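Working notes for the structure below.
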Amino acid sequence: MGENVALGIDVGTTRIKAEVVGLDASELHCESALTPWQQRADGTQADLDELADVAVAVATAAADWAQAGGHKVVSIGVTGMAETGALLDAHSRPLAPAFAWHHTLGDPVRVQEALGRQHFMLTTGRDCSISPSIIKLDMLRQRGHRFTRGQRWLNIPDYIAWRLCGVQAAEISTSSRTGLVDIAARTWWDEALEFLGVGRWLLPGELVPGGTLLGRTLPSLPASLQQASVATGGHDHPVGALAAGDSAPGFLGLSLGTAEAQVRIITPDLSPKDMVTVVQGGGTVDWHPLGDRWTVLGALPTGITLARLATLLGCETVAERMALSRAALDCPDPGPGLHLDNVTFDGFDLRGITDGASRPAVWRRAVEKLVEDSSALMARMEAVVGPYAHAAAFGGWLNDPLVRQVRSAQLGPDAVLASVLEPGAVGAALLAAWAAKEIVSPPGWSQS
């Protein structure tokens, strides 16, 4: 017998997922497709119309599955990557491609010098080296783009939500990562907007939390998506933590996707000195999607590095990589001479390869080195915000047996290694179901 269900869309770096989620948080069915990036001379980018078309297509496929089973999709939530956005003209047509969140061809030094590095950190809770959206917007201006009234900037999850329901909004957690928000004041940073030569007219109103009801799906969408309520989701890492763990201050969520994100939940009262210390230590301070607490987030290129290394080692499929990890579980420790170096989102160096090095040994040492980097970042954040009270790890890389073993040792026996397959999509679906009053609150959602 059919039932009401929610749909969560996660616009990820590698794939766009749409998952049918029961109102009891059960994962019923998932559809996905590769995120349609194009590798160009001016960086990794996507055509905005194509990106939206792929998102709607996977959402339709998931909703069609639900409809075929007699279920009704009553609500849709959208989460996904931050820093990437959509610049639209007065007729809502794209004016530029969607530059990948890790795009590094802008000029952070120019932005920092104009606004003051310390002032930028204290106001936005981040450093320009994290590639916030302001860098991409300034890059467009330096290439000759002229911002005029009527143009609009939307974060990618908000852009997809707008394509579904026709209502534009600025969700607080993704907006926090633009470099255009005064974190302490919880509003747009006019000084940054003035630097770009724009006003608040570039943005779709004041900041709203995840789980804000926007409206119903457009009549032009396929039948299986009709009459569903659409709600904001937020940044994929803290949204995923809602589904996989908790959201109370003192929580640590380890999101293991294309990027590794360490999500610490804190009360919104970090001192200016501590905020600078967090940023200088490689973290950021953002508003949480719930809108009443902060997220201290540290990002590392863990997943993207492992994916690159797997390809280098001849593992073209997930099955081949899983076999390599199983072999690495029993592989002798290759020793400190074999290691990764200069690991960034753009690439890495592999050193210490000798005649005796094997593929499993290289893989094992790489996984261990990346977890060492992860623990170092964790310690830097802990020195500022204190030890975590409880922890959960989640995300696609937990399916890898070697990664799962090493992460379990890293977090300790009391940590939860979540079995949620698509935490971002589940979290977005639950936020939307809550916004539509289909559930009282998402499981794992702590109000304290």
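The values are calculated or read from the model by the stated rules, or taken from the named source; none is laboratory data. Computed from a predicted model, the values in this text were never measured in an experiment. Methodologically, a virtual Cβ is constructed for each residue, glycine included, from the backbone with ideal geometry; neighbour enumeration extends over all protein chains shown. The area values use the complete protein model at the heavy-atom level, side chains included, leaving out ligands, DNA and RNA. Shrake-Rupley method; radii C 1.70, N 1.55, O 1.52, S 1.80 Å.
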Legend entry - With at most 11 other Cβ atoms within 10 Å, longest stretch of the chain clear of loop trypsin sites (Lys or Arg not before Pro) (DSSP): 147-436
Inset, instruction - Take every DSSP beta bridge with both residues inside the chain and express the antiparallel ones as a percent of the total, to the nearest 5. - result: 70
Inset, instruction - List the equivalent ellipsoid semi-axes of segment 91-231 in whole Å, largest first, each obtained as the square root of 5λ for an eigenvalue λ of the Cα gyration tensor. - result: 29, 17, 13
Inset, instruction - Can you tell me the order of 409-417, 381-389, 229-237, 394-402 when each peptide is scored by its average per-residue count of other Cβ atoms within 10 angstrom, highest first? - result: 229-237, 394-402, 381-389, 409-417
Inset, instruction - Please list the non-local residues whose amide H lies under 5 Å from the amide H of Leu338, H modeled 1.01 Å from N, same-chain partners needing a gap of 5 or more. - result: none
Legend entry - Sequence-separation-based contact order of segment 334-442, relative, with Cα cut under 8 Å and 6+ spacing, percent: 18
Inset, instruction - Classify segment 361-439 as rounded, prolate or oblate, taking a ≥ b ≥ c as the square roots of the eigenvalues of its Cα gyration tensor: rounded when a/c is under 1.5, otherwise prolate if a/b is larger than b/c and oblate if not. - result: oblate
Inset, instruction - With no solvent and one equal point scatterer per Cα, compute the Debye intensity ratio I(q)/I(0) for segment 267-392 at 0.14, 0.19, 0.23 Å⁻¹ and report its log10, rounded to two decimals. - result: -0.74, -1.03, -1.29
Inset, instruction - Find how much the distance from Leu312 to Thr104 grows on full extension, using 0.36 nm per residue of separation minus their present alpha carbon separation; answer in nm with one decimal. - result: 72.6 nm
Inset, instruction - State, as an integer percentage, the relative contact order of the chain based on alpha-carbon contacts under 8 Å between residues 6 or more apart. - result: 19
Legend entry - For the chain: lysine pairs under 27 Å (alpha-carbon distance), excluding those fewer than 8 apart on one chain: 4
Inset, instruction - Could you do me a favour and compute the accessible area per residue for segment 43-82, 1.4 Å probe, result in Å²? - result: 29
Inset, instruction - Give me the percent of the accessible area of the chain that comes from carbon and sulfur atoms, probe 1.4 Å, all protein chains in place. - result: 52
Inset, instruction - Over the alpha-carbon set of the chain, divide Rg by the Kirkwood Rh and report the Rg/Rh ratio to two decimals. - result: 0.96
